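Data first, discussion second: the structure below is written as structure tokens.
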Amino acid sequence: MTRADLVITDIGELATMASEPVPRIGPAMRELGRIPRAAIAIEGDRFVFVGTEARCKREVRLRSGGSRWSAGGGTVVPGFVDPHTHVLFAGDRVAEIDLKIAGASYGEIARRGGGIFQTVRATRRASANELLQSTEARLRRMAAMGTTTCEVKSGYALTPAGELRLLSLIPVLARRTGLRLVPTFLGAQAVPPEYTERPDDYVSALIEKALPAIARDHLADFCDAFCEPGFFNVEQTERLLHAARAVGLGLKVHADEFVRSGGAALAARLGCRSAEHLLESSDGDRRVLASAGVTAVLLPVTPFASFAHSSSPGREMVDAGVPVAVGTDLSPNSWVESIPVVLSHSVYSARLTPAEALTAATVNAAYAIGLSDEAGTIAVGRSADFVAFDVPSADHIPYRFGLTPDRVYRRGVRVPPAGDRAT
Ligand code: ZN
């Protein structure tokens, strides 16, 4: 008999995501490990039972003082994994919407000193406390919408010391919110104004002044770079990523978002863990990503929030055999905190099936940030991170636009709903 201190019964459909292989590729992305009429049991912060309700009745005994909750025939899925966020910033860019509607692109707004550079100025000025408070509030809203694991990029200081300061705040945010946070060094998000004429020198500064400290103090798991004309070219990106690999960091690249920059091909050549955005990638790029096993991290809300004419190539990537993950890309440019909203865009903009979209936001997203062993699946022994929705099957979660979870649990503890400030 298995003892548990929390039992969830009457789950109409449980999508465990718990089968091999990881990451899921092609038709395997539709395998959700569904169990109808299911139950789960938790002891401490781990799942101790995952299976049918009938088996649970026979095999699980609730401890005295433990609690039982009926999901009312609803659906339970793993806690969402957001593999791509720029959540750590100060200020906002609400005024930019008018410029975007008038036809200004992300790059044009940035060249006029706005856009990312406005956020850089606000972030440089902000105290650590201000940054912690505003970012914590965003992370708590993300958690209320079902995110239990989240990547966090630096990238709004654009000086070696400032980037180190941002990275040093991420463990504090993890402690305060209880979220599992994966830090990524994105000092090469843009060339800062001080280096406009000499981007190579900025790359050298990141390599010489930031990477050694990041490695010494374990401040990041990954290094990312914005490989795009007007930002960093392929050679500069490659030089930085080579140096990052040499100090033990995993590699990611913002690739082929505005134009076909060669970022996807670079990611394949370097064997990066992931290439991100990929709006302008070609069939050939998809073939090399597939054969190199690079995960495509797609951010389907971003082109929508940028009034872009393109949409994320989700269908094309899955059909080409590229492992696909999806994330929010939460930033002042595309302020989306909700993975359920991203799931709907993954279907309606990127043309993933609902099942593929769920795989992309759980097991494949965990793979994209190196956490396959800890996050993205519901299985005995795993961290008890899960989300319950009042819908009859997992497919309804992307199908209904921007659904709100019924309940979210992280490490076996219920996450307060949005608006509830109690912790
Ligand atoms: Zn991004």
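The values are calculated or read from the model by the stated rules, or taken from the named source; none is laboratory data. Predicted, not measured: the structure shown is a model, and the values here were computed from it. Every residue, glycine as well, gets a Cβ built from its backbone with ideal geometry; the counts of neighbours run over all protein chains shown. Side chains included, ligands, DNA and RNA excluded: accessible areas come from the protein's heavy atoms. Shrake-Rupley method; radii C 1.70, N 1.55, O 1.52, S 1.80 Å.
Just one of the listed residues (Ala255, Ala220, Ala264) is modelled with pLDDT under 95 and under 17 Å from the mean Cα position of the chain (by Cα), namely Ala255. Test Ala275 against the stated conditions and say whether it is part of a strand (DSSP E or B) and either within 13 Å of the ligand (Cβ to nearest atom) or not assigned by TED's automatic domain parsing to the domain that holds Gly44 (or both). Answer is yes for this residue. Here Ser344 fits the description: more than 16 Å from the ligand (Cβ to nearest atom), outside the structural domain of Pro405 (by TED's automatic domain parsing) and either surrounded by fewer than 24 Cβ atoms within 10 Å (Cβ to Cβ) or in a loop (DSSP other than H, G, I, E, B) (or both).
State yes or no: is Thr328 of a type in the set (Ser, Thr, Tyr), open to solvent by less than 10 Å² (accessible area, probe 1.4 Å) and either within 16 Å of the ligand (Cβ to nearest atom) or under 23 Å from Thr184 (Cβ atoms) (or both)?
yes
For the stretch 280-313, a residue qualifies if it is among the β-branched types (Val, Ile, Thr) and either in a loop (DSSP other than H, G, I, E, B) or open to solvent by less than 30 Å² (accessible area, probe 1.4 Å) (or both), and the qualifying residues are Val294, Thr295, Val297, Val301, Thr302.
Please pick out the residue among Thr123, Thr177, Thr196 that is out of contact with any Pro (no Cβ under 9 Å at 6 or more places or on another chain), within 16 Å of the ligand (Cβ to nearest atom) and not small (Gly, Ala, Ser).
Exactly one of Thr123, Thr177, Thr196 is out of contact with any Pro (no Cβ under 9 Å at 6 or more places or on another chain), within 16 Å of the ligand (Cβ to nearest atom) and not small (Gly, Ala, Ser), namely Thr123.
Let me spell it out: the conditions are (1) within 22 Å of Asp224 (Cα to Cα); (2) over 18 Å from the mean Cα position of the chain (by Cα); (3) of a type outside the set (A, V, I, L, M), and Cys150 meets all of them except one. Which number is the exception? Here Cys150 clears every test but (2). The strands (runs of 3 or more DSSP E) falling completely within the stretch 32-100 that include 2 or more residues that are open to solvent by 30 Å² or more (accessible area, probe 1.4 Å) map to 34-43, 46-52, 60-70.
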